[in-house]
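Working notes for the structure below.
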Amino acid sequence: MPKVRRCRQYGCHTMVEFPNHYCTEHFEHEAEYLESRQRWARSHNSEYSHKYNTVTRNRNDDKREQYNFYRTKQWVHLRTRCLERDHYLCRYCLIQDVMTTAKTADHIIPIEANQSLRASIDNIADICSKCHRLKTDWEHSYYGTGQGNQLKDVEQISDLMVIVYLMNSEKGGN
């Protein structure tokens with residue numbers, strides 16, 4: 001018996017034989033679909049991965065060490081403790097009287113600014129994706145973190161209320 005799958009056309013439940021993706025009624029989309037898959041594969045090949053890993057992720061020894069820290073059992077344990085401590089709620093949103101679920105544990109003072117605090121549970125807070133984007137942008141401008149930036153010698157801020165105020169004031173263009 002030949003292998004079959006459902007037609008990729010939305011709402012069509014006709015079964016088609018491998019290697020086709022569309023039934024005879026919608027077969028005109030087959031070439032376009034295969035071309036889009038090839039474009040995707042070309043853009044996500046090993047050369048792309050190599051460039052991402054060498055240029056962005058592991059651009060120097062400090063970044064390589066930082067990335068490897070996030071792959072340790074110590075970080076997994078810290079992250080789990082932090083998420084459970086904060087009940088999976090974004091602490092930055094809670095300061096603004098908004099309840100948002102959080103799946104990310106974030107360093108309050110970034111690792112680039114202070115390596116010694118990377119394993120401190122007191123320097124880790126739950127954060128939602130919206131606040132994480134805002135905080136990352138703020139860290140780039142305040143601490144000088146991020147690719148292509150130069151670290152600045154500034155006072156380290158660990159008070160979440162102050163960080164929320166600064167994140168939101170920068171978002172507003174102040």
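The values are calculated or read from the model by the stated rules, or taken from the named source; none is laboratory data. Predicted model only: the values in this text are computed from it and were never measured. So basically every Cβ, Gly included, is an ideal-geometry build from the backbone, and we count neighbours across all protein chains shown. With ligands, DNA and RNA removed, areas are computed over all heavy atoms of the protein, side chains included. Shrake-Rupley method; radii C 1.70, N 1.55, O 1.52, S 1.80 Å.
Side notes on the structure shown:
- Phi to ³J(HN,Hα) by Karplus 6.51 cos²θ - 1.76 cosθ + 1.60 over segment 129-138, Hz, x for Gly, Pro: 5, 5, 5, 5, 5, 4, 5, 4, 4, 5
- Note on Tyr70: accessible area is roughly 80 Å² with a 1.4 Å probe, heavy atoms of protein only.
- Taking amide H as placed 1.01 Å from N in the peptide plane, Thr104 has its amide H under 5 Å from the amide H of Ile127, each at least 5 places away in sequence or on another chain.
- For segment 1-75, the fraction of alpha-carbon pairs lying more than 20 Å apart is 58 percent, rounded to a whole number.
- Note on His44 and Tyr67: the model spin-label points, each 7 Å out from Cα along the C-beta direction, lie 1.8 nm apart.
- Placing a label point 7 Å from the Cα of Tyr88 along the Cα-to-Cβ direction, the residues of segment 95-122 with a backbone N closer than 15 Å are 100-105.
- Here's the picture: charge each Lys and Arg Cβ at +1 and each Asp and Glu Cβ at -1 in the chain, and of Tyr67, Leu151, Ile95 the one pushed furthest to the positive end of that dipole is Tyr67.
- Cross-link reach list, lysines versus Lys130, counting only Cα pairs under 17 Å and skipping chain neighbours closer than eight places: Lys103, Lys171
- Cα-based values for segment 120-174, radius of gyration first and Dmax second, are 11.4, 32 Å.
- When the convex hull of its Cα atoms is viewed from all sides, the chain shows a mean projected area of 16.0 nm².
- With R₀ set to 41 Å, the beta-carbon distance separating Asp97 from Lys3 gives a calculated FRET efficiency near 0.15.
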